[in-house]
Amino acid sequence: MAGPRNSNHRAWWKESSVYQIWPASFKDSNDDGIGDISGIISKLDYIKDLAIDIVWLCPAFKSPQVDMGYDISDYYDIADEYGTVADVDKLIAGCHERGMKFLMDLVVNHTSDQHEWFKQSRSSKDNPYRDWYIWKPAKYDENGNRQPPNNWFCRFQGSVWEWDEHTQEYYLHLYAVEQPDLNWENPPVRKAVHDIMRFWLDKGCDGFRMDVINLISKDQSYPDAPITNPNRPWQWGHMYYANGPRLHEYLQELGEILKDYDAFSVGEMPFVKDEKEVLRAVQFERNELNMIFNFEHVNMDYGKYGQFDPGSLQLTDLKNFFERWQTFMYANDGWNALYLENHDNPRSIDRYAKASEEHGLDASKMLATALALQAGTPFVYQGQEIGMRNVPKSWGIEEYKDLGAVNHWKSLPKDDKEAQAIALVEYQKKSRDNGRTPVQWSAAENAGFTGPGVKPWMSVNTNYTTVNAEAAVKDPHSTYHYWATVLKLRKQYLDTFVYGDFTLLDKPSQEFFAYTRQYDDQKILVLSHWTEKTLDWDAAANGVNTAKQVLLNSYEGTDEALPRFSGDKWTLRPYEAVVLIL
């Protein structure tokens, strides 16, 4: 076959892999119980040995930490608990010395209410900063009672509007009350954002992950949202604040800056399922973003009324999601960000593989194979490379830090024990805290994250004595070394795994995820088994009857594996994954 349509648009970021760091939980260097930048610097060789190309640091700016750093009070300074700007300079230099690039988080849909801009904005209606945020007068009902400007629901419960007694108006906050939304319609706001970008790019930062970047343009009529949950007064209004009318104008302004520096960009875009809307953001020639984080697959297990409502997830749903975006991006010169875990999501071994403790290692290797050999840029989240798991099922509400879970708990009737029991089950499955427990560095006290006798900011998962980085690095058969092998294999067969096309096989199966990658005459099969049973895969029924070479097997070396992959039926062990040249 001919080479893929996007083969003319080769780029360093397409061929890279990214390691994401949540600073509070990565490594504590000064025994205050909170991770810091010096701790990250101490582990750069560990990251490099994983075959990583880009290090992404989640928000480390000055912040009151109401929402763990996503409420920024100063974009030009670093939170005291994490270190200093000079420490970031050392971190950037350390990455560059090892041939890795460095990304920062750009959180510019909202700021902290402690940012000087907002302090000025709320001081009076005629302050020059008033229009830097979104202020609206109250509405009044037929009884003369004051009401918010519309019925939009806040991500962290309640209304998105907060009354300001001093100036007698409401301000908009799509997230926490302490996170007022910036008014991107106001040109000085956009210039301020551009200045922030150039400041960090001039320091050597190689690009940005952009937080909820598709929310920066809102429908300026701010209409009421349709009622989708009759049990509450507030409704999801994302059809009016996600992908607003001027979004792509704003993104192209950012893209011009990024182009000047040949910088990397990945945008977080919740509430988007429309392929054309995504393509407008990521198509190569449009010069907006390199790629986006799609939310569809990490919302699949949400229930009818949101994240903490019980839901279910089928492997076929996940496969259909990947197939849709793999083939669409390939055909339209776009690009995918490949991820299963991050700071906002639970651990993939529990969420997608639903593996027992016995098969956690097998499942983690299988997930690495299935994810990272698709077309797109793979993202590895801290701890994923050693097979970290969700928080213990024994956790009570007092252990949770996630603002979404804590506020959800507060919204429950205090005497409804059944609702509380259901909520705790859902928090353990889907809370953001699952991805935020301290990284398990060793079997020592506090998992080696912080010093002995120190109380970490968040409880360490109790399985750290068996699941930790020290043991993983020493064990050649660990998930850590397997991830490195997968990422190196992706580069070894760059044309096929990075630029080749994607074809899903065995679409209806709930037990197997099989796809081929093809570039010119080279065709490679990636076959992964998603259950704890030993099962046969019907190779012949899927147009496959023999393998020419085994490139990777999650259970054993490649040479001894080849004879197993001939004939009509291939037997796969629990969570086994195999990569074969056909």
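We did not get these values from a lab; they are worked out from the coordinates using the rules stated. This one's a predicted model, so the numbers in the text were calculated from it and none came from an experiment. Here Cβ is always computed from backbone atoms with ideal geometry, including for glycine, and neighbour counts include all displayed protein chains.
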*asked:* Check which residues have an amide H placed less than 5 Å from GLN235's amide H, if you skip close sequence neighbours.
replied: TRP152, PHE153
_Least to most buried among ILE422, ILE386 (fewest other Cβ within 10 Å first)_ = ILE422, ILE386
*What list of ³J(HN,Hα) couplings, whole Hz, do you get for segment 537-544 from phi and the Karplus terms 6.51, -1.76, 1.60, once you set θ to phi - 60° and write x for glycine and proline?*
9, 7, 5, 4, 5, 9, x, 10
_How big is the dipole moment of the chain about its Cα centre under a simple scheme where the beta carbon of each Lys and Arg is +1, that of each Asp and Glu is -1, and everything else is neutral? Debye, nearest 20, please._
820
*Check LYS523: other-chain or 5+ apart residues with amide H under 5 Å from its amide H, H built from backbone geometry?*
LEU582
*asked:* Let me understand segment 501-581 better: what is its radius of gyration from the alpha carbons, and its Dmax, in angstrom?
replied: 11.7, 36
_As a footprinting exposure proxy, order CYS205, CYS95 by other Cβ within 10 Å, with the fewest listed first._
CYS205, CYS95
*Point-charge dipole on Cβ atoms (K/R +1, D/E -1) for segment 501-581, about Cα centre, debye to 20*: 60
*asked:* Between 0 and 90 degrees, rounded to the nearest ten: what's the tilt of helix 187-202 against the longest Cα principal axis of the chain?
replied: 40
*Using only Cα atoms, tell me the angle between helix 85-97 and the longest principal axis of the chain; keep it within 0 to 90° and round to the nearest 10.*
20
*Could you pull out the GluC sites (Glu not before Pro) across segment 80-143 that fall in loop regions by DSSP (anything but H, G, I, E, B) with no more than 11 other Cβ atoms inside 10 Å?*
GLU142
*Got a sec to turn the phi values of segment 51-66 into Karplus ³J(HN,Hα) couplings, 6.51 cos²θ - 1.76 cosθ + 1.60 with θ = phi - 60°, whole Hz, x for Gly and Pro?*
6, 8, 10, 9, 9, 10, 9, 5, x, 10, 6, 3, 6, x, 6, 5
_Gain on full stretching of the segment that runs from TYR302 to THR534 - 0.36 nm per residue minus C-alpha separation_ = 80.5 nm
*Subtract the Cα-Cα distance of PHE295 and GLN492 from 0.36 nm times their separation in residues, and report this length gain in nm to one decimal.*
67.9 nm
*Taking the Cα centre of each part, how many Å lie between segment 245-290 and segment 417-494?*
32
*In segment 392-424, what trypsin sites (Lys or Arg not before Pro) fall in a loop by DSSP, with at most 11 other Cβ atoms inside 10 Å?*
LYS393, LYS414
*Do any trypsin sites (Lys or Arg not before Pro) in segment 481-582 lie in a DSSP loop with no more than 15 other beta carbon atoms within 10 Å, and if so, which?*
LYS533, LYS548
_Here is the link list: LYS410/LYS533; LYS27/LYS304; LYS48/LYS430; LYS365/LYS393; LYS319/LYS393. Which ones come out longer than 32 Å on Cα distance?_
LYS410/LYS533; LYS27/LYS304
*5 angstrom amide H check on TYR170, placed H, neighbours 5+ away*: LYS136, ALA138, ASP164
_Local electrostatic count at VAL85 - Lys and Arg +1, Asp and Glu -1, tallied over other residues with Cβ under 13 Å_ = -3
*Residue exposure sequence - ARG209, ARG280 - by fewest surrounding Cβ within 10 Å*: ARG280, ARG209
*Measure nothing but the geometry: give the 0 to 90° angle between the long axis through the Cα atoms of 315-332 and the longest principal axis through the Cα atoms of the chain, rounded to 10°.*
80
*Where the centroid of each part is defined by its Cα atoms, how far is segment 19-42 from segment 148-162 in Å?*
34
*Which shape class, rounded, prolate or oblate, goes with segment 116-172 when its Cα gyration tensor gives a ≥ b ≥ c as root eigenvalues, a/c under 1.5 marks rounded, and past that a/b bigger than b/c marks prolate?*
oblate
